[in-house]
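The values are calculated or read from the model by the stated rules, or taken from the named source; none is laboratory data. Remember, it's a predicted structure, so these values are computed and weren't measured experimentally. For neighbour counting, all protein chains shown are included, and Cβ atoms are generated from backbone atoms with ideal geometry for every residue, glycine included.
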Amino acid sequence: MTKATARAYPNIALVKYWGKRDSTLMLPLTGSMSMTLDDFPTTTTVERTPEAAADHFELNGEVIEGEPLRRVTKFLDLVREQAGIREFAAVRSKNEVPTAAGLASSASGFAALALAASKAYDLSLDPADVSRLARRGSGSATRSVIPHFAVWRAGDDETSVAEAIDAPDMRMIVVVVNAGNKEISSREAMKRTALTSPFNDAWVSSTEQALESMMSACADNDFTRIGRITETNALRMHATIQACDPPILYLAPTSLAIFNKVRELRESGLEAYATADAGPNVCVIARPEDADAVAAALVEFGSVRTMAPGPGAELLADSEAL
Ligand code: DP6
(Lines give C-alpha, C1' and ligand atoms only; values in the text may rest on other atoms or scores of the structure.)
Protein backbone atom coordinates (compact mmCIF):
# COMPACT_ATOMS: atom_id res chain seq x y z
CA MET A 1 0.00 0.00 0.00
CA THR A 2 1.26 3.51 -0.66
CA LYS A 3 -1.68 5.47 0.68
CA ALA A 4 -3.74 5.02 3.85
CA THR A 5 -6.23 6.99 5.92
CA ALA A 6 -6.82 6.75 9.67
CA ARG A 7 -8.92 8.48 12.30
CA ALA A 8 -8.26 8.97 16.01
CA TYR A 9 -9.88 10.88 18.86
CA PRO A 10 -8.57 13.04 21.70
CA ASN A 11 -8.25 11.62 25.20
CA ILE A 12 -8.40 13.19 28.64
CA ALA A 13 -6.17 11.77 31.36
CA LEU A 14 -7.68 10.83 34.72
CA VAL A 15 -4.15 10.18 35.99
CA LYS A 16 -1.92 12.70 34.23
CA TYR A 17 1.29 12.36 32.27
CA TRP A 18 3.45 15.32 33.20
CA GLY A 19 7.17 15.01 32.59
CA LYS A 20 9.63 12.99 30.52
CA ARG A 21 12.37 10.65 31.60
CA ASP A 22 13.77 10.62 28.06
CA SER A 23 12.69 13.31 25.60
CA THR A 24 14.18 11.58 22.54
CA LEU A 25 12.43 8.27 23.13
CA MET A 26 9.51 10.16 24.72
CA LEU A 27 9.47 8.02 27.85
CA PRO A 28 7.28 9.49 30.59
CA LEU A 29 8.32 9.96 34.21
CA THR A 30 5.22 8.03 35.31
CA GLY A 31 2.39 5.97 33.88
CA SER A 32 -0.99 7.59 33.19
CA MET A 33 -4.59 6.60 32.51
CA SER A 34 -7.20 8.22 30.26
CA MET A 35 -10.60 8.15 28.63
CA THR A 36 -10.70 8.41 24.84
CA LEU A 37 -13.47 10.77 23.67
CA ASP A 38 -16.12 9.99 21.07
CA ASP A 39 -15.99 13.30 19.21
CA PHE A 40 -13.55 15.89 17.78
CA PRO A 41 -11.51 13.37 15.74
CA THR A 42 -8.49 13.94 13.54
CA THR A 43 -8.55 12.20 10.15
CA THR A 44 -5.24 11.82 8.32
CA THR A 45 -4.27 10.50 4.91
CA VAL A 46 -0.63 9.61 4.27
CA GLU A 47 0.39 9.08 0.64
CA ARG A 48 3.91 8.17 -0.39
CA THR A 49 5.25 10.56 -3.05
CA PRO A 50 8.31 8.90 -4.67
CA GLU A 51 8.96 11.90 -6.90
CA ALA A 52 8.92 14.50 -4.11
CA ALA A 53 12.04 16.02 -2.52
CA ALA A 54 10.38 16.66 0.86
CA ASP A 55 7.32 15.85 2.90
CA HIS A 56 4.19 17.90 2.39
CA PHE A 57 1.71 18.64 5.20
CA GLU A 58 -1.79 20.08 4.94
CA LEU A 59 -4.08 20.74 7.88
CA ASN A 60 -7.73 21.58 7.26
CA GLY A 61 -6.88 22.37 3.63
CA GLU A 62 -4.03 24.73 4.45
CA VAL A 63 -0.38 24.01 3.61
CA ILE A 64 1.64 23.95 6.84
CA GLU A 65 5.35 24.71 7.10
CA GLY A 66 7.82 25.51 9.88
CA GLU A 67 7.85 23.68 13.21
CA PRO A 68 4.65 21.61 12.70
CA LEU A 69 6.00 20.31 9.35
CA ARG A 70 9.37 19.59 10.98
CA ARG A 71 7.58 17.52 13.66
CA VAL A 72 5.69 15.54 11.00
CA THR A 73 8.90 14.91 9.01
CA LYS A 74 10.79 13.83 12.13
CA PHE A 75 7.98 11.40 12.88
CA LEU A 76 7.84 10.06 9.31
CA ASP A 77 11.63 9.58 9.47
CA LEU A 78 11.04 7.00 12.21
CA VAL A 79 8.47 5.23 10.06
CA ARG A 80 10.80 5.32 7.03
CA GLU A 81 13.62 3.91 9.10
CA GLN A 82 11.45 1.04 10.39
CA ALA A 83 10.11 0.35 6.89
CA GLY A 84 13.44 0.72 5.06
CA ILE A 85 11.69 2.99 2.55
CA ARG A 86 13.11 6.44 1.88
CA GLU A 87 10.21 8.00 -0.03
CA PHE A 88 8.71 11.25 1.20
CA ALA A 89 4.98 11.59 1.74
CA ALA A 90 2.05 13.96 1.48
CA VAL A 91 0.13 14.16 4.76
CA ARG A 92 -3.37 15.62 4.67
CA SER A 93 -5.14 16.07 7.98
CA LYS A 94 -8.54 17.25 9.05
CA ASN A 95 -8.93 18.23 12.65
CA GLU A 96 -12.50 18.42 13.90
CA VAL A 97 -11.69 19.95 17.26
CA PRO A 98 -13.31 23.36 17.02
CA THR A 99 -10.44 25.82 17.55
CA ALA A 100 -12.48 27.26 20.39
CA ALA A 101 -12.65 23.92 22.20
CA GLY A 102 -9.10 24.30 23.43
CA LEU A 103 -8.57 20.53 23.48
CA ALA A 104 -5.06 19.60 22.47
CA SER A 105 -5.01 17.92 19.08
CA SER A 106 -1.54 16.39 19.32
CA ALA A 107 -2.98 13.19 20.85
CA SER A 108 -5.53 12.50 18.11
CA GLY A 109 -3.16 13.93 15.50
CA PHE A 110 -0.18 11.67 16.15
CA ALA A 111 -2.35 8.61 16.83
CA ALA A 112 -4.00 9.02 13.40
CA LEU A 113 -0.65 9.80 11.75
CA ALA A 114 1.02 6.75 13.32
CA LEU A 115 -1.65 4.39 12.04
CA ALA A 116 -1.98 5.93 8.56
CA ALA A 117 1.80 6.23 8.06
CA SER A 118 2.50 2.68 9.24
CA LYS A 119 0.01 1.35 6.66
CA ALA A 120 1.21 3.64 3.85
CA TYR A 121 4.78 2.43 4.48
CA ASP A 122 3.72 -1.24 4.63
CA LEU A 123 4.57 -1.83 8.28
CA SER A 124 2.35 -4.46 9.82
CA LEU A 125 1.80 -3.19 13.32
CA ASP A 126 -0.55 -4.34 16.07
CA PRO A 127 -2.23 -1.73 18.32
CA ALA A 128 0.61 -1.90 20.87
CA ASP A 129 3.12 -1.18 18.08
CA VAL A 130 1.02 1.73 16.81
CA SER A 131 0.78 3.09 20.35
CA ARG A 132 4.59 2.81 20.76
CA LEU A 133 5.07 4.66 17.48
CA ALA A 134 2.48 7.36 18.30
CA ARG A 135 4.36 8.02 21.56
CA ARG A 136 7.29 9.37 19.58
CA GLY A 137 5.07 12.12 18.16
CA SER A 138 3.39 13.19 21.39
CA GLY A 139 3.18 11.43 24.74
CA SER A 140 -0.59 11.69 25.07
CA ALA A 141 -1.00 10.18 21.55
CA THR A 142 0.20 6.86 23.00
CA ARG A 143 -3.22 6.55 24.69
CA SER A 144 -5.43 7.79 21.81
CA VAL A 145 -4.68 4.58 19.88
CA ILE A 146 -6.73 2.66 22.47
CA PRO A 147 -10.56 2.73 22.66
CA HIS A 148 -12.53 3.79 25.77
CA PHE A 149 -10.03 3.68 28.64
CA ALA A 150 -6.26 3.30 28.38
CA VAL A 151 -3.38 2.88 30.75
CA TRP A 152 0.08 3.92 29.52
CA ARG A 153 2.88 2.39 31.53
CA ALA A 154 6.10 4.35 31.99
CA GLY A 155 8.25 1.41 30.88
CA ASP A 156 11.18 1.51 28.48
CA ASP A 157 11.25 2.04 24.72
CA GLU A 158 9.76 -1.41 24.17
CA THR A 159 7.21 -1.53 26.98
CA SER A 160 6.12 2.11 27.15
CA VAL A 161 2.82 1.57 25.32
CA ALA A 162 -0.84 2.00 26.18
CA GLU A 163 -3.30 -0.81 26.60
CA ALA A 164 -7.02 -1.03 27.25
CA ILE A 165 -8.32 -1.13 30.78
CA ASP A 166 -11.90 -1.79 31.88
CA ALA A 167 -13.57 1.03 33.77
CA PRO A 168 -17.18 1.81 34.63
CA ASP A 169 -19.09 3.64 31.90
CA MET A 170 -19.00 7.39 32.45
CA ARG A 171 -19.40 10.69 30.66
CA MET A 172 -16.92 13.53 30.30
CA ILE A 173 -18.43 17.01 30.35
CA VAL A 174 -15.96 19.40 28.73
CA VAL A 175 -16.40 23.00 29.85
CA VAL A 176 -14.71 25.43 27.50
CA VAL A 177 -13.69 28.40 29.57
CA ASN A 178 -11.39 30.29 27.29
CA ALA A 179 -11.00 30.13 23.55
CA GLY A 180 -7.60 31.82 23.56
CA ASN A 181 -4.38 29.95 22.86
CA LYS A 182 -2.42 28.88 25.88
CA GLU A 183 0.72 30.84 26.49
CA ILE A 184 3.15 27.99 27.03
CA SER A 185 3.00 24.51 25.50
CA SER A 186 2.81 21.36 27.60
CA ARG A 187 6.16 20.35 26.19
CA GLU A 188 7.93 23.50 27.40
CA ALA A 189 6.06 23.57 30.70
CA MET A 190 6.96 19.94 31.44
CA LYS A 191 10.65 20.75 30.99
CA ARG A 192 10.41 23.76 33.25
CA THR A 193 8.57 21.72 35.88
CA ALA A 194 11.27 19.05 35.97
CA LEU A 195 14.02 21.67 36.15
CA THR A 196 12.55 24.16 38.59
CA SER A 197 9.51 22.87 40.52
CA PRO A 198 10.52 21.83 44.05
CA PHE A 199 7.42 19.60 44.08
CA ASN A 200 8.45 17.50 41.08
CA ASP A 201 9.66 14.47 43.05
CA ALA A 202 6.47 14.46 45.11
CA TRP A 203 4.47 14.71 41.89
CA VAL A 204 6.22 11.64 40.48
CA SER A 205 5.84 9.48 43.58
CA SER A 206 2.22 10.51 44.24
CA THR A 207 1.28 9.88 40.60
CA GLU A 208 2.80 6.40 40.68
CA GLN A 209 0.62 5.68 43.71
CA ALA A 210 -2.40 7.32 42.08
CA LEU A 211 -2.05 5.06 39.05
CA GLU A 212 -1.95 1.92 41.19
CA SER A 213 -5.02 3.10 43.13
CA MET A 214 -6.74 3.95 39.84
CA MET A 215 -6.09 0.44 38.48
CA SER A 216 -7.65 -1.15 41.54
CA ALA A 217 -10.59 1.32 41.56
CA CYS A 218 -11.24 0.41 37.90
CA ALA A 219 -11.03 -3.30 38.68
CA ASP A 220 -13.58 -2.75 41.49
CA ASN A 221 -15.83 -0.69 39.18
CA ASP A 222 -15.70 2.01 41.85
CA PHE A 223 -16.67 5.35 40.25
CA THR A 224 -16.35 7.28 43.50
CA ARG A 225 -12.72 6.26 44.00
CA ILE A 226 -11.94 6.87 40.35
CA GLY A 227 -13.38 10.37 40.69
CA ARG A 228 -11.47 11.20 43.85
CA ILE A 229 -8.18 10.02 42.39
CA THR A 230 -8.87 11.99 39.19
CA GLU A 231 -9.54 15.31 40.90
CA THR A 232 -6.70 15.03 43.41
CA ASN A 233 -4.19 14.06 40.73
CA ALA A 234 -5.21 16.97 38.50
CA LEU A 235 -4.88 19.54 41.29
CA ARG A 236 -1.52 18.07 42.33
CA MET A 237 -0.32 18.46 38.75
CA HIS A 238 -1.40 22.11 38.71
CA ALA A 239 0.19 22.75 42.12
CA THR A 240 3.46 21.29 40.81
CA ILE A 241 3.29 23.42 37.66
CA GLN A 242 2.44 26.58 39.60
CA ALA A 243 5.58 26.06 41.66
CA CYS A 244 7.84 26.49 38.61
CA ASP A 245 10.26 29.37 38.33
CA PRO A 246 9.02 31.47 36.55
CA PRO A 247 5.58 30.19 37.62
CA ILE A 248 3.00 28.88 35.17
CA LEU A 249 -0.68 29.37 35.90
CA TYR A 250 -2.95 27.41 33.56
CA LEU A 251 -6.10 27.56 35.67
CA ALA A 252 -8.16 30.73 35.36
CA PRO A 253 -10.53 32.11 38.03
CA THR A 254 -13.43 30.48 36.14
CA SER A 255 -11.60 27.12 36.16
CA LEU A 256 -11.36 27.29 39.96
CA ALA A 257 -15.02 28.31 40.16
CA ILE A 258 -15.88 25.11 38.26
CA PHE A 259 -13.85 22.97 40.68
CA ASN A 260 -15.77 24.63 43.52
CA LYS A 261 -19.11 24.13 41.79
CA VAL A 262 -18.34 20.45 41.23
CA ARG A 263 -17.62 20.07 44.95
CA GLU A 264 -20.95 21.75 45.74
CA LEU A 265 -22.71 19.38 43.34
CA ARG A 266 -21.22 16.44 45.22
CA GLU A 267 -22.32 17.90 48.54
CA SER A 268 -25.84 18.17 47.14
CA GLY A 269 -25.74 14.49 46.12
CA LEU A 270 -24.78 14.75 42.43
CA GLU A 271 -21.52 12.89 42.02
CA ALA A 272 -19.04 14.58 39.67
CA TYR A 273 -15.27 15.13 39.67
CA ALA A 274 -13.17 17.68 37.81
CA THR A 275 -9.85 17.60 36.00
CA ALA A 276 -7.95 20.07 33.81
CA ASP A 277 -5.02 19.82 31.40
CA ALA A 278 -2.50 22.49 30.46
CA GLY A 279 -5.07 25.25 30.02
CA PRO A 280 -8.12 26.80 31.66
CA ASN A 281 -10.78 24.38 30.36
CA VAL A 282 -12.20 21.92 32.85
CA CYS A 283 -13.40 18.36 32.14
CA VAL A 284 -15.86 16.82 34.57
CA ILE A 285 -16.62 13.11 34.88
CA ALA A 286 -20.01 11.82 35.97
CA ARG A 287 -22.03 8.62 35.77
CA PRO A 288 -24.03 8.43 32.50
CA GLU A 289 -27.35 8.93 34.30
CA ASP A 290 -26.08 12.11 36.02
CA ALA A 291 -24.39 13.67 32.98
CA ASP A 292 -27.30 15.88 31.84
CA ALA A 293 -27.82 17.34 35.31
CA VAL A 294 -24.09 17.99 35.74
CA ALA A 295 -23.84 19.60 32.29
CA ALA A 296 -26.85 21.81 33.07
CA ALA A 297 -25.20 22.96 36.30
CA LEU A 298 -22.03 23.99 34.42
CA VAL A 299 -23.43 26.00 31.49
CA GLU A 300 -23.07 29.21 33.47
CA PHE A 301 -19.26 28.85 33.20
CA GLY A 302 -18.84 28.36 29.44
CA SER A 303 -19.94 26.13 26.60
CA VAL A 304 -20.38 22.51 27.63
CA ARG A 305 -20.12 19.33 25.60
CA THR A 306 -20.83 15.85 26.95
CA MET A 307 -18.80 12.97 25.59
CA ALA A 308 -18.83 9.20 26.01
CA PRO A 309 -15.88 6.77 25.86
CA GLY A 310 -14.83 6.71 22.20
CA PRO A 311 -13.07 4.51 19.63
CA GLY A 312 -9.36 3.93 19.28
CA ALA A 313 -7.38 4.75 16.17
CA GLU A 314 -9.00 3.12 13.15
CA LEU A 315 -8.22 2.71 9.46
CA LEU A 316 -10.73 4.16 7.01
CA ALA A 317 -11.69 3.09 3.50
CA ASP A 318 -10.02 4.73 0.49
CA SER A 319 -13.29 6.53 -0.22
CA GLU A 320 -12.67 8.57 2.93
CA ALA A 321 -9.16 9.64 1.93
CA LEU A 322 -8.34 13.36 2.09
C1 DP6 B 1 -1.61 17.88 30.67
O2 DP6 B 1 1.21 14.82 25.20
O3 DP6 B 1 0.78 17.26 24.75
O4 DP6 B 1 -2.53 16.81 28.75
O5 DP6 B 1 4.46 14.54 24.98
O6 DP6 B 1 5.38 16.84 24.88
O7 DP6 B 1 3.70 16.10 23.17
P8 DP6 B 1 4.20 15.96 24.60
O9 DP6 B 1 3.04 16.51 25.56
P10 DP6 B 1 1.49 16.22 25.56
O11 DP6 B 1 1.14 16.47 27.10
C12 DP6 B 1 -0.09 16.18 27.67
C13 DP6 B 1 -0.15 16.70 29.06
C14 DP6 B 1 -1.52 16.69 29.72
C15 DP6 B 1 -1.71 15.43 30.55
C16 DP6 B 1 -2.04 14.14 29.84
O17 DP6 B 1 -2.63 14.16 28.73
O18 DP6 B 1 -1.76 13.09 30.43
Check: So which of Gly310, Gly302 is buried (at least 16 other Cβ atoms within 10 Å of the Cβ) and either within 16 Å of the ligand (Cβ to nearest atom) or under 17 Å from the mean Cα position of the chain (by Cα) (or both)?
Finding: Gly310
Next item on the list: Check the stretch 163-172 and report whether any residue there is in contact with a Cys (Cβ under 8 Å, 6 or more places away or on another chain), modelled with pLDDT of 95 or more and within 14 Å of the ligand (Cβ to nearest atom).
Entry: yes
Notebook entry, point to check: Looking at this structure, is Arg21 assigned by TED's automatic domain parsing to the domain that holds Arg153, of a type in the set (Lys, Arg) and part of a helix (DSSP H, G or I)?
Noted result: no
Next item on the list: Could you look through the stretch 244-253, keep only residues that are assigned to a loop (DSSP other than H, G, I, E, B) and over 23 Å from the mean Cα position of the chain (by Cα), and pick out the one that is nearest to Ala13 (Cα to Cα)?
Entry: Pro247
Note to self: Which numbered condition in (1) outside any loop (DSSP other than H, G, I, E, B); (2) in contact (Cβ under 8 Å) with a residue 60 or more places away in the chain is the only one that Leu256 fails?
What the structure shows: (2)
Check: Is at least one residue of the stretch 270-287 surrounded by fewer than 18 Cβ atoms within 10 Å (Cβ to Cβ) and without any contact (Cβ under 8 Å) to a residue 40 or more places away in the chain?
Finding: yes
Next item on the list: Taking only the stretch 173-205 into account, find how many residues are hydroxyl-bearing (Ser, Thr, Tyr) and crowded, with 17+ Cβ neighbours inside 10 Å.
Entry: 3
Notebook entry, point to check: Within the bounds of the stretch 40-53, is there any residue that is crowded, with 16+ Cβ neighbours inside 10 Å and within 14 Å of the ligand (Cβ to nearest atom)?
Noted result: yes
Item checked: Within the stretch 238-293, considering residues that are out of contact with any Phe, Trp or Tyr (no Cβ under 9 Å at 6 or more places or on another chain), polar (S, T, N, Q) and under 25 Å from Ser186 (Cα atoms), the one farthest from the ligand (Cβ to nearest atom) -> Asn260
Check: Can you find even one residue in the stretch 202-217 that is of a type in the set (Phe, Trp, Tyr) and in the same structural domain as His238 (by TED's automatic domain parsing)?
Finding: yes
